[in-house]
Amino acid sequence: MANSEYEYVKREFEFDRRLPPSNWIVVRIDGCHFHRFSKIHAFEKPNDKNALRLMNDCATAMLKKFPDIVFAYGVSDEYSFVFREETEFYHRRESKILSLCVSYFTSVYVMKWKDFFPNKELKEPPYFDARAVCYPNLKTIRDYLAWRQVDCHINNQYNTCFWMLVKSGKSEQEAQLALKGTFAKDKNELLAQQFQINYDDEPAIFRKGSSVYREKVETTVKIDDYKNPIKRPQLKITVAHVDIIGPEFWEIHQDILREGKFMHEFVKKSAVDRMLPPCNWIVVRINGCQFDQFSTFHSFDKPNDETALRLMDASASLMMERYPDIVFGYGFSNEYSFVFHDKTELYQRQESLILSSCSSYFTSLYMTKWKELFPHKELMQTPRFEAEALCYPKLKIVCEYLSWRQAECHAGNQYNTCFWMLVKSGKSEKEAHEILKGTLSKDKNELLFQQFQMNYNNEPAMFRKGSCIYRHKVEELAEAESGYNGTASERWDVKVDHVDLGPGFWRKHSWIMSNCNK
């Protein structure tokens, strides 16, 4: 931690929002703009089995990664994950749970895409939003799951009718009018009479969705001396397409949840989201999770891998294109802070949706840009990012937050430069830590100069100062170079810079935090 004058922005404005204890936590992940995504990638209508199987594979990976998830239920581009009520995952910090879950789910989705669509290129980064809802008892958890399965049935029955009508020659508007005001029995009759389809014969994965859970199975662990198999019960992750509204499933699988009564009509009312305060600047800080391990696994250069940093910058630049309300980004190492202007109404300022969509989209961009930046290095492990949302009432505090992060960048990079130079010179990592223990900034500069003939101030600005991303006008420059005197329409481009974020920068770039570029 850099001991700087700017650190009050952490003490006074960053708080851990913890979900209440002794509550079951449900994280519901939902695809962002998946109508468009499915159209671009030519998903089959009303259901694409490969797309559903990909979602199920992601859910299976979630249960493998996060042991505190006891059950998952998914339909279409949505998945709900139930964490046991006593979970202490990330000390029940909502931002960490939300962002890590959605980031990892996105990462697996991109990584597994080719397994399910080997002949279909991923044309745009998929991303998801998520929300966390707490339920006080087993009854409400089962009611919640029943509500989602009822929704699955209603939506799938409607979509089956809708797309059969469209495929038969009706326009989408005509199909909607034909189904307006119809009940379930009407839709069943329509399918039977017009298309000779018995809805109950449709695949269960479409009608009932997918349930993912662990169950005990007898597994052969070894063969004894008499060639008899020795079996032991082990937990295996299962994907099933069964009824979870009635009691039968839960009676058979009492180790997942306990039996309760079923009234799923009211559970939606529990899903009250936290709104970030109005007229506050919102900072979403995204941070790589276990990136020391990730960077070692992918052989990143130490202390800084320039290509890895450019990958972070490229992902951040595209974030600004997707989210016009982001006015500034600052990043170093595996961290990026995105500043949303104070009047933003993104997701009506719902914290969970802002956090989850940002961390998911950043993860997706990072993975889809990987091959461009690392053409000869295969992505071997799923990257994932956590995020938190911070609110600042004044622009001055936002600028001082950014100064604090740049002070952290300087302190961290100076230490790491010394540390890795010592290690490369033959010291063990433990010895390097001991040598640097208690040293001040000037001590580190002297160490680098005397032992390695390095002037720290001559190191690349990207390493020492981090990366600033903002919009600037490009037409004026183009006109000056070409000598063209015509009137150009106003256009803004995203620029990456490596500079000091002191008062001089903000005076010179006064438009960044104003709304003149909106």
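Given the structure, is residue 361 part of a helix (DSSP H, G or I) and of a type outside the set (Gly, Ala, Ser)?
Considered against the rule, which asks whether it is part of a helix (DSSP H, G or I) and of a type outside the set (Gly, Ala, Ser), residue 361 comes out as yes.
Of all residues in segment 255-284, which are modelled with pLDDT of 85 or more and assigned to a loop (DSSP other than H, G, I, E, B)?
If the condition is that a residue be modelled with pLDDT of 85 or more and assigned to a loop (DSSP other than H, G, I, E, B), then 255, 256, 276, 277, 278, 279, 280 are the ones that fit.
Go through segment 445-464 and report how many residues are free of Cβ contacts under 8 Å to residues at least 24 places away in the same chain and either assigned to a helix (DSSP H, G or I) or under 23 Å from residue 309 (Cα atoms) (or both).
Count: 6.
Show the residue pairs meeting these rules: Cβ distance below 8 Å; 6+ apart or different chains; first residue within segment 10-25 and touching a residue at least 60 places away in the same chain (Cβ under 8 Å); second residue among the hydrophobic types (A, V, I, L, M, F, W, C) and assigned to a helix (DSSP H, G or I).
Close Cβ pairs (under 8 Å, with a partner that is among the hydrophobic types (A, V, I, L, M, F, W, C) and assigned to a helix (DSSP H, G or I)) amount to 10/404; 13/397; 19/97; 24/138; 24/141; 25/97.
For segment 16-40, name all the residues that are loosely packed, with under 11 Cβ neighbours inside 10 Å and closer than 23 Å to residue 277 by Cα.
The one that is loosely packed, with under 11 Cβ neighbours inside 10 Å and closer than 23 Å to residue 277 by Cα: 20.
Filter segment 166-188 down to residues that are open to solvent by 60 Å² or more (accessible area, probe 1.4 Å) and either basic (Lys, Arg) or in a loop (DSSP other than H, G, I, E, B) (or both) and give me whichever is nearest to residue 202 (Cα to Cα).
Among them, the one singled out is 185.
Hey, residue 80 hits all of (1) under 30 Å from residue 237 (Cβ atoms); (2) out of contact with any helix residue (DSSP H, G or I) (no Cβ under 7 Å at 6 or more places or on another chain) but one; which does it fall short on?
Going through the list (1) under 30 Å from residue 237 (Cβ atoms); (2) out of contact with any helix residue (DSSP H, G or I) (no Cβ under 7 Å at 6 or more places or on another chain), residue 80 breaks only (2).
How many residues are among the aliphatic types (A, V, I, L, M), over 19 Å from residue 384 (Cα atoms) and open to solvent by less than 10 Å² (accessible area, probe 1.4 Å) if we restrict to segment 62-87?
Qualifying residue count for the region: 2.
So which of 236, 208, 231 ends up being open to solvent by 40 Å² or more (accessible area, probe 1.4 Å) and more than 29 Å from the chain's Cα centre (by Cα)?
The unique qualifying residue is 231.
How many residues are part of a helix (DSSP H, G or I) and open to solvent by 10 Å² or more (accessible area, probe 1.4 Å) when one looks only at segment 122-148?
5
Hey, could you check segment 347-370 for residues that are open to solvent by 20 Å² or more (accessible area, probe 1.4 Å) and touching a residue at least 60 places away in the same chain (Cβ under 8 Å) and say which is farthest from residue 305 (Cα to Cα)?
348
What do you reckon, is residue 59 open to solvent by less than 40 Å² (accessible area, probe 1.4 Å), modelled with pLDDT under 95 and aliphatic (A, V, I, L, M)?
No, not satisfied.
Specify the residue that is surrounded by the fewest Cβ atoms within 10 Å (Cβ to Cβ); the eligible residues are those in segment 402-418 that are of a type outside the set (S, T, N, Q) and farther than 16 Å from residue 287 by Cα.
Among those residues, the one meeting the criterion is 411.
Filter segment 314-358 down to the residues that are hydrophobic (A, V, I, L, M, F, W, C) and either out of contact with any helix residue (DSSP H, G or I) (no Cβ under 9 Å at 6 or more places or on another chain) or not in a strand (DSSP E or B) (or both) and list them by number.
If the condition is that a residue be hydrophobic (A, V, I, L, M, F, W, C) and either out of contact with any helix residue (DSSP H, G or I) (no Cβ under 9 Å at 6 or more places or on another chain) or not in a strand (DSSP E or B) (or both), then 314, 316, 318, 319, 320, 346, 353, 354, 355, 358 are the ones that fit.
Any idea how many residues of segment 300-334 are farther than 26 Å from residue 514 by Cβ and not small (Gly, Ala, Ser)?
Total meeting the criteria: 13.
Just to verify a result, which residue in segment 216-254, among those that are of a type in the set (Ser, Thr, Tyr) and more than 20 Å from residue 75 (Cα to Cα), is modelled with the highest pLDDT?
Ranking the qualifying residues of segment 216-254, first place goes to 219.
Keeping to segment 459-496, report how many residues are surrounded by fewer than 16 Cβ atoms within 10 Å (Cβ to Cβ), modelled with pLDDT of 95 or more and of a type outside the set (A, V, I, L, M).
So the count comes out to 1.
The values are calculated or read from the model by the stated rules, or taken from the named source; none is laboratory data. Remember, predicted model here, so these are calculated numbers, not experimental data. Neighbour counts are summed over all protein chains in view; Cβ atoms, including those assigned to glycine, are modelled from backbone coordinates with ideal geometry. Just the protein is used for accessible areas: all its heavy atoms, side chains included, with ligands, DNA and RNA removed. Shrake-Rupley method; radii C 1.70, N 1.55, O 1.52, S 1.80 Å.
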